[in-house]
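One structure is given below, encoded as structure tokens.
The values are calculated or read from the model by the stated rules, or taken from the named source; none is laboratory data. Note that this is a predicted model, so its numbers are computed, not measured. All Cβ positions, glycine included, derive from the backbone under ideal geometry; neighbour counts span all protein chains shown.
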Amino acid sequence: EADIYQTPRYLVIGTGKKITLECSQTMGHDKMYWYQQDPGMELHLIHYSYGVNSTEKGDLSSESTVSRIRTEHFPLTLESARPSHTSQYLCASSEGILEGKLFFGSGTQLSVL
Amino acid sequence: RKEVEQDPGPFNVPEGATVAFNCTYSNSASQSFFWYRQDCRKEPKLLMSVYSSGNEDGRFTAQLNRASQYISLLIRDSKLSDSATYLCVVLRGGSYIPTFGRGTSLIVHP
């Protein structure tokens, strides 16, 4: 069983609010990812990190930011939530750069009203 | 053109049937290939890696065709519990970023 946790599981929030989605893993993995997935659609990479103090933007243009101050923690922040941000956000980690085996958290379902 | 393409289906098959999915990728420098399974409203989980020589795990067989740039997944003796979406994942050459296909939906009925 994977040891990667996301909170909250569900979040309903009003437009303009600042939100932080939490992701933590206890496996000591260097590489971490944030994906966004709409129902029936593919996962889109929005941010990734190779390790502490490393963050990169993914393929999907996003108004979110991430930080990686500790190996185990990779939070995603939206400074001003909009209805277009409504989606499922999935955090994942992998053991090494060449590793394609990803461990996913249970996801955060975000609804912005 | 999308980097990883899959027929979204759904594939509707009876129990015991054999079903096969294909996935094509556009970047010839892609390094590694995987199949993931995603149940409704759940996170994806690794089903199996795909090796150049082809590999089998119980009722599941995966194959890679680098010349034609596609991978396949064959499921034999389908079970009701195989109903899920099967995601093709490709590690992008150079950056090794895992890139996901949209997934193929499989429904196994009694």
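Computed quantities for the displayed model
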read-out	value
Residues of the range A:31-43 satisfying the condition of being facing another protein chain (nearest Cβ under 8 Å) and at pLDDT below 95	A:GLY40, A:MET41, A:GLU42, A:LEU43
Qualifying residue in the range B:41-54 (condition: without any contact (Cβ under 8 Å) to a residue 12 or more places away in the chain, within 11 Å of chain A (Cβ to nearest Cβ) and on the phi > 0 side of the Ramachandran plot)	yes
Among residues of the range A:50-89, those that are in contact with a Gly (Cβ under 8 Å, 6 or more places away or on another chain), outside any loop (DSSP other than H, G, I, E, B) and free of Cβ contacts under 8 Å to residues at least 60 places away in the same chain, counted	1
Residue ID - surrounded by the fewest Cβ atoms within 10 Å (Cβ to Cβ), chosen from residues in the range B:45-84 that are within 21 Å of B:VAL13 (Cα to Cα) and among the hydroxyl-bearing types (Ser, Thr, Tyr)	B:SER81
Qualifying position, being surrounded by 13 or more Cβ atoms within 10 Å (Cβ to Cβ), within 11 Å of another protein chain (Cβ to nearest Cβ) and of a type in the set (Asp, Glu), among A:GLU95, A:GLU99, A:GLU72	A:GLU99
When residues of the range B:58-110 are limited to those that are aliphatic (A, V, I, L, M) and either without any contact (Cβ under 8 Å) to a residue 40 or more places away in the chain or assigned to a loop (DSSP other than H, G, I, E, B) (or both), the one nearest to A:GLY96 (Cα to Cα)	B:ILE97
